[in-house]
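Report on the structure given below.
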Amino acid sequence: MALQFQAVVLAGSIGSQLYPLNSTGTPKALLPIGNQHLITYPLQTLEEGGIKDVLVLCQGETASAKVSSWIAKNYQGPLHLEVKSVPEDSGTADALRTVRDKLKGANIVVISGDLVADVPLKAIMATHYVNQSTATSLLAPRKTSPSSETKPGKAPKDVDYIGMDEAQKRLLFFASSPEMKSKLRVPLTALKQFGQLTVRTDFVDVHLYVFNLEAMLTALDTRPAISSIKQDLVPHLVRNQFSGLGRQPCAQSGDSASTPTARVMASPFSAAPVQKAMEILSLGEGASSQRGFSVFLASKDQFCMRARDVHSYREVNKEITAPELALRLLQQKPNPKHDNYVHESVQLGTNKTTVGAGCIIGPATILSDKCSVKRSVIGGSCKLGTNVKVLNSVIMDSVTIEEGCHLQNTVVCAGAHLKAKSTLNKCIVGPDYIVAETSDLRDEVVAKSRATH
Amino acid sequence: MAPRKSAAAGMEPKETLTAILLADSFTQRFLPVTVERPKVLLPLVNVPMLDYTLEWLAANEVEEVFVFCCAHADMIKEHLDECKWSSQRTFKIHVVVSTNCLSAGEAMRLLDQKDVIKSDFILISGDVVSNLKIATVLEEHRKRRQQDKNAIMTLVMKTASDAGHRRRVGDTELLVAVDSQSQRLLRYEEHDGTGKRSKAVPVDAHYFGERDVIQLRSDLIDCHIYVCAPEVLMLFSDNFDYQNIRRDFVIGVLSEEELGNKLFLHVLQHDYAARVHNLRSYDAVSRDILQRWAFPYVPDTNLLHKAGPWGESTYTYGRHHIYKERGVSVARTAAVKRDTAIGSGTTVEDGSVIDASVVGRNCRIGKNVRITGCYIHDNVTIWDGSLLISALICEGATIMPDVVIGPGAIISYKVVIGKGHHVPAYSSISLCRRVEHRASFSDDELEYAQAGQQTSPSHSGSESGRRPAAHGRPGDLPSVEVIGAADALRVGAIPEAEVEFEEHIVGRGGAGFLWGHNDPHDDAVTQFSIAPPLIASIALDEAGSDDGSVITVGDDVQDLSHIDPEVSFKREVSETFLRCVKMGFDQDLVVIELNGLKIAEDRSFADCARYVFTTMAGLCLPVPAPHSHAHSIKEEYRELYNDSAPDMATQAGRNQLLARFLAKLKQWAPLLQRFLKTEDDQVELLLTLEEFCGEEGAFEWSGERGRLFGHVFNEVCQLLYDNEVIGEDPFDAWAREKEHAEEDERVFLRKAQPFLDWLRTAETEEESEEGSEEVEKEDEESGEE
């Protein structure tokens, strides 16, 4: 089975969505989450799925060079990784198109480089394989219901409208747009064929797909307008499930094999041609409905989240500090006494310094007396002065925090320096930035201007 | 005790459960039958429809019913006075009459004015058959009402069992959107199948502002049972343009979301509920009752006529859903087959076959009559040798001998059909004359009228057409002279009054006028007809509106329950074969296709080969014109057939047919050889060829004109032999088998005699000793004939 699957990681660029976290040129894939590089999470998922060949696509030469040198130096897993760069501004589907000649497996797993998930890829691949699907998509439940955040009479923002059959096995309708939509147009053929169609907004597409290579390439080749996987390719394949119904097989299209007669004609008559043909014919009328777009629903207790912007980056970091999750994702055992992940080389102040459960602290970090760290991630080689309180925050490597600082819901990037007695709430501090003494910041993003480097 | 209790001070009076029953559906779908009788009094499996609804209301502990009558109000009143409830105290029936109401909306406004409804009530029309326990729906409704005063109505719907179901009950397409958690109805959309429609269902995204999950459903059938709050009546008064309950009220309330009124859905899981709103559903619901889906409302519970004008009923149940009342006499050689009910006093004479039909009381069915899928009301006489397929025959009609009545025909009250006449499919005949001539279905009913027409009263109307005098009526009641003349013709006398009946419609000696003949190729006609819809059109429906290409829906054949399995198998084989011919498949592929069919249908290869052979022979002739739907040929295969039929009277014509046949045979002989390996198989083929040429058995109604091959039977045998499809021995065996058959079964043996003789001679030449005796024998025999 493994041979039939090949994977593509969409590792992204030095994107602007995560500004200012990567303003010093760190590609998104190499940002730390729970003190590990982001890209290790999707790679881990792929390892688990038993996949061998992986293409890592980065937008832009710089990003790809950095990622590829990181992989060369640090990656020791069983995957055979190949890094490819694609043009800076290409969409996700465009990226697939540029490497189309490299795609060899019968089925392609496409995973976003920022997906942190503990969903078993094997199960998704099996779903895809068993159903002979053209594509399978992983959907994760949202933490909060979109309707609870929307005023009655208004359409919700930034949701995926997902239409499924009664058994929640097939994707029959898909629409997504960051903007508010006013009307959804659900295809009548789908509704008539299935009788019931449930459209829901409380799930989200997390950018893990398995595509049938043939179907995917046909779509990419015949529709040059398809640029993004989520916005264009997925809706196209979902629609295509129904439009081919009852049509004569068209000679040039790749999926002509899906109509029964065509397949019978194509099948070579071997020793038992009748039996073989019978097998195909038994799919008969249902054949077009057998091959469709499948869904795999993650359950509520499975973790599945993307770090696609600063907000979600902080969220993922926060979530990952939950003990049982860290166990699954980081594959580290917590310190049995405090239930946290403090590296052995960390120097803890002896006087009233506490590190809460689930916190992750990297090597060679020094915490002075009376420090308190709760539900936070602190990188390596940081220095925290006395009386520093850190709550729900992410502190990257080599950060200095002087005495008396209070941090809450804040991200501090590598090399930053917070002078004494600053208070920060819901802030982002860019790399190498220096926060002045006794500053009181709230809901602010502070970073060195781009021009300086 | 009881009165004192309720009079006690400070005690709230118990809410009485009331119902509004609309005894007029404000439609014209049952014309011309409803010109003379109200629809709710039409017998449904020999019980007036209204009784099912009343019985159901009584069983659900409804205490007061307001029966709203419009057309034929006097008849309905009379019926209610005589029925078993008239004397009951716990179930009070109030009759509200208004003869000039044109729509359900007006009826509702009138009831609102009368101010008789004070609490939650059930709204139902007098043609609903159900065994649902409404208590659960009521409880749900009341609970919601306590929390939210705006939850004004609960609609009862049921799930269609499969895609063909909706078509079977003659329903139009229905799309609904509901909040999957609260079952609140968000959108209700009906399509009557006419006009253009988009390929997508638009769903307002703002629905998702209040909920995460919305269900879109196309698999629901509206049962037309509504639990309403009193506000519903007020809303009808407030919106004086509301006419139809669904089209105006439901859709109106949903579109005025900002007013806050909410509608909810209750989807039935196991209960039965269905409305008889056109002839199609009349057939479907009757069948459901016969097949006991509506239990306890089945004939043998004899629930529905305890007393009343129809008298007590005495049905007993027999195997295969056959119900007979006491005093039914069926001749020994007559057959009553599955799904049939027969009322008391009816006689069925020798050789007649009744299948999947309902026959009323005091009917007389003569000898060798065949009745399939028909509804025959009381006091109908059908004389010898007639054939009736999927027709509705109303009370008092007379069918003279040897009449053929095609599917979907309606023979209204007291009509007489003359001897030997053929009533074409989908025509309706009545003693009433149609006054106004409009396009057949444009005047449908208010329910399906488009928005622009709603203001015009001429397009709306109560079922009998008792509309304001300024507008035309659909028909007048038949005059005394007409009835007198018909009665005279019925007994074969010469009528006193000179009435000119349309003889080309009802035959010589018949009485009646054409009400309407409808084109059987018009989908709107067949969709609502009493005859089951065509298989091909179901398939078309399934294929979606995409590009109109047809996919084969083999399973749907089962839906049409009264098609002979042999006929449907024949059809399957022939369609498979035609497809192969059309696609130009080579033999190996055809073998595979047929093999699949053979396994699916659990038949033998010879079975397939027999019908492949007849289909192949059929291709030498023009497209068959079948007498029943079961045989109709799909549009796409029509081109495969020959354009013209050769003139069999001339030698040239015969040669032409044989030449065509030979060409086909040359092509397909290897296939037939492959399937017909044993002697028995080959004999079977000969027997089928006989049936084909004699137009018997599965070919009886197929219109394939196998008769033409009968003229050249001898030559066909020769060709089959020459092409090694059938060997000597099978011919021999066949001839021997037939030797002792009755005279009329030896027709083809006689025809093939020259060939058989030749065969024997050829044999003798080879093996002279054995053969000579037989030849002598044969000679003797032919001499006798």
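Find the residue count for the stretch B:686-718, including only residues that are touching a Leu at 6+ places or on another chain (Cβ under 6 Å) and not in a loop (DSSP other than H, G, I, E, B).
Looking only at that region, the number is 1.
Could you please find all residues in the stretch A:217-237 being touching a residue at least 24 places away in the same chain (Cβ under 8 Å), among the hydrophobic types (A, V, I, L, M, F, W, C), in contact with a His (Cβ under 8 Å, 6 or more places away or on another chain) and assigned to a helix (DSSP H, G or I)?
Scanning the stretch A:217-237 gives a single hit, A:Ile229.
Yes or no: the stretch B:358-372 includes at least one residue that is outside any loop (DSSP other than H, G, I, E, B) and modelled with pLDDT under 90.
no
So how many residues does the stretch A:38-69 have that are hydroxyl-bearing (Ser, Thr, Tyr), over 20 Å from A:Ala95 (Cα atoms) and surrounded by 19 or more Cβ atoms within 10 Å (Cβ to Cβ)?
Residues of the stretch A:38-69 hydroxyl-bearing (Ser, Thr, Tyr): A:40-41, A:45, A:62, A:64, A:68-69.
Checking which are over 20 Å from A:Ala95 (Cα atoms) leaves us with A:40-41, A:45, A:69.
Add one more test, that the residue is surrounded by 19 or more Cβ atoms within 10 Å (Cβ to Cβ), and what stays is A:40-41, A:45.
Summing the residues that are hydroxyl-bearing (Ser, Thr, Tyr), over 20 Å from A:Ala95 (Cα atoms) and surrounded by 19 or more Cβ atoms within 10 Å (Cβ to Cβ) in the stretch A:38-69 gives 3.
I'd like to verify a number: residues in the stretch A:142-176 that are surrounded by fewer than 14 Cβ atoms within 10 Å (Cβ to Cβ), more than 9 Å from chain B (Cβ to nearest Cβ) and at positive phi, how many?
Selection size over the stretch A:142-176: 1.
Any residue in the stretch A:387-398 that is more than 29 Å from the chain's Cα centre (by Cα), more than 15 Å from A:Arg314 (Cβ to Cβ) and among the hydrophobic types (A, V, I, L, M, F, W, C)?
Yes, that holds for at least one residue.
Here are some residues: B:Ile225, B:Ile289, B:Ile245. Which one is within 30 Å of the chain's Cα centre (by Cα), surrounded by 23 or more Cβ atoms within 10 Å (Cβ to Cβ), within 30 Å of B:Arg319 (Cβ to Cβ) and away from chain A (no Cβ under 14 Å)?
B:Ile289
For B:Glu258, only one of the following conditions fails: (1) over 23 Å from A:Pro146 (Cα atoms); (2) without any contact (Cβ under 8 Å) to a residue 60 or more places away in the chain; (3) within 14 Å of chain A (Cβ to nearest Cβ); (4) of a type outside the set (S, T, N, Q). What is its number?
(1)
Among the residues of the stretch B:192-213, is there at least one that is over 27 Å from the mean Cα position of the chain (by Cα), modelled with pLDDT of 90 or more and within 30 Å of B:Arg280 (Cβ to Cβ)?
No - not one qualifying residue is present in the stretch B:192-213.
Could you name every one of the strands (runs of 3 or more DSSP E) located completely within the stretch A:1-91 that has at least 1 residues being under 22 Å from A:Ala414 (Cβ atoms) and among the hydrophobic types (A, V, I, L, M, F, W, C)?
Of the strands (runs of 3 or more DSSP E) lying wholly inside the stretch A:1-91, those with at least 1 residues that are under 22 Å from A:Ala414 (Cβ atoms) and among the hydrophobic types (A, V, I, L, M, F, W, C) span A:5-12, A:53-59.
Here is a check on your reading of the model: is A:Arg247 modelled with pLDDT under 90, within 14 Å of chain B (Cβ to nearest Cβ), surrounded by fewer than 20 Cβ atoms within 10 Å (Cβ to Cβ) and not in a helix (DSSP H, G or I)?
Spelling it out, A:Arg247 is indeed modelled with pLDDT under 90, within 14 Å of chain B (Cβ to nearest Cβ), surrounded by fewer than 20 Cβ atoms within 10 Å (Cβ to Cβ) and not in a helix (DSSP H, G or I).
Taking A:Leu139 as meeting all but one of (1) outside any strand (DSSP E or B); (2) more than 10 Å from chain B (Cβ to nearest Cβ); (3) in contact (Cβ under 8 Å) with a residue 24 or more places away in the chain, write down the number of the exception.
Unmet for A:Leu139, out of (1) outside any strand (DSSP E or B); (2) more than 10 Å from chain B (Cβ to nearest Cβ); (3) in contact (Cβ under 8 Å) with a residue 24 or more places away in the chain: (1).
Every residue in the stretch B:396-406 that is surrounded by 24 or more Cβ atoms within 10 Å (Cβ to Cβ) and more than 12 Å from B:Gly385 (Cα to Cα), please.
B:Ala397, B:Thr398
Please go through the stretch B:14-51 and pick out each residue that is within 21 Å of B:Gly105 (Cα to Cα), at pLDDT below 85 and among the charged types (D, E, K, R).
The answer is B:Asp24, B:Arg29.
Yes/no matrix, rows are residues, columns are (1) in a helix (DSSP H, G or I); (2) at pLDDT below 90:
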residue: B:Arg89; (1), (2): no, yes
residue: B:Asp112; (1), (2): yes, no
residue: B:Val116; (1), (2): no, yes
residue: B:Leu123; (1), (2): no, no
residue: B:Glu139; (1), (2): yes, no
residue: B:Met153; (1), (2): no, no
residue: B:Val156; (1), (2): no, no
residue: B:Arg167; (1), (2): yes, yes
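Conditions (1) at pLDDT 75 or above; (2) assigned to a helix (DSSP H, G or I), marked per residue:
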position	(1), (2)
B:Val557	no, yes
B:His562	no, no
B:Gly596	yes, yes
B:Asp607	yes, yes
B:Val612	yes, yes
B:Pro624	yes, no
B:Asn642	yes, no
B:Pro646	yes, no
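Regarding the stretch B:5-28, can at least one residue be identified that is surrounded by fewer than 21 Cβ atoms within 10 Å (Cβ to Cβ) and among the β-branched types (Val, Ile, Thr)?
If we filter the stretch B:5-28 for residues that are surrounded by fewer than 21 Cβ atoms within 10 Å (Cβ to Cβ), which is where we start, we get B:5-17.
Cutting the leftovers down to among the β-branched types (Val, Ile, Thr) gives us B:16.
Yes, the stretch B:5-28 contains at least one residue that is surrounded by fewer than 21 Cβ atoms within 10 Å (Cβ to Cβ) and among the β-branched types (Val, Ile, Thr).
Can you tell me which residues in the stretch B:200-209 are at the interface with another protein chain (Cβ under 7 Å from one of its Cβ atoms), touching a strand residue (DSSP E or B) at 6+ places or on another chain (Cβ under 8 Å) and over 17 Å from A:Leu171 (Cβ atoms)? Quick ask: steps written out before the conclusion?
Within the stretch B:200-209, the subset at the interface with another protein chain (Cβ under 7 Å from one of its Cβ atoms) is B:200-206, B:208-209.
Filter again for touching a strand residue (DSSP E or B) at 6+ places or on another chain (Cβ under 8 Å), leaving B:200-205, B:208.
B:Pro202, B:Asp204, B:Ala205, B:Phe208, listed by residue number.
Filter the stretch B:104-163 for residues that are under 29 Å from the mean Cα position of the chain (by Cα), more than 14 Å from chain A (Cβ to nearest Cβ) and within 21 Å of B:Asn261 (Cβ to Cβ) and give the result.
Selection gives B:Ala104, B:Leu123, B:Ile124, B:Leu155, B:Val156.
Among the residues of the stretch A:201-212, is any within 19 Å of B:Leu216 (Cα to Cα), hydroxyl-bearing (Ser, Thr, Tyr) and facing another protein chain (nearest Cβ under 7 Å)? Outline the logic, then answer.
Keep residues of the stretch A:201-212 that are within 19 Å of B:Leu216 (Cα to Cα), which gives A:201-203.
With hydroxyl-bearing (Ser, Thr, Tyr) added as a condition, the list becomes A:201.
Still in the running and facing another protein chain (nearest Cβ under 7 Å): A:201.
Yes.
Would you mention how many residues in the stretch A:190-206 are in contact (Cβ under 8 Å) with a residue 40 or more places away in the chain, over 21 Å from A:Thr144 (Cβ atoms) and surrounded by fewer than 22 Cβ atoms within 10 Å (Cβ to Cβ)?
Of the stretch A:190-206, the ones in contact (Cβ under 8 Å) with a residue 40 or more places away in the chain are A:190, A:193, A:201-206.
Now drop any that are not over 21 Å from A:Thr144 (Cβ atoms), which leaves A:190, A:193.
Still in the list and also surrounded by fewer than 22 Cβ atoms within 10 Å (Cβ to Cβ): A:193.
Looking only at that region, the number is 1.
Which of the residues that make up the stretch B:48-66 are crowded, with 24+ Cβ neighbours inside 10 Å and outside any helix (DSSP H, G or I)?
Across the stretch B:48-66, the qualifying residues are B:Pro48, B:Val65.
When you go through (1) away from chain B (no Cβ under 12 Å); (2) crowded, with 17+ Cβ neighbours inside 10 Å; (3) among the hydroxyl-bearing types (Ser, Thr, Tyr); (4) under 21 Å from A:Ala93 (Cα atoms) one by one for A:Thr127, which number turns out not to apply?
Only one criterion in (1) away from chain B (no Cβ under 12 Å); (2) crowded, with 17+ Cβ neighbours inside 10 Å; (3) among the hydroxyl-bearing types (Ser, Thr, Tyr); (4) under 21 Å from A:Ala93 (Cα atoms) is unmet by A:Thr127, namely (4).
The values are calculated or read from the model by the stated rules, or taken from the named source; none is laboratory data. Since we're looking at a predicted model, the values are computed, not measured. Counting neighbours? That spans all protein chains shown, and the Cβs are built from the backbone with ideal geometry, glycine included.
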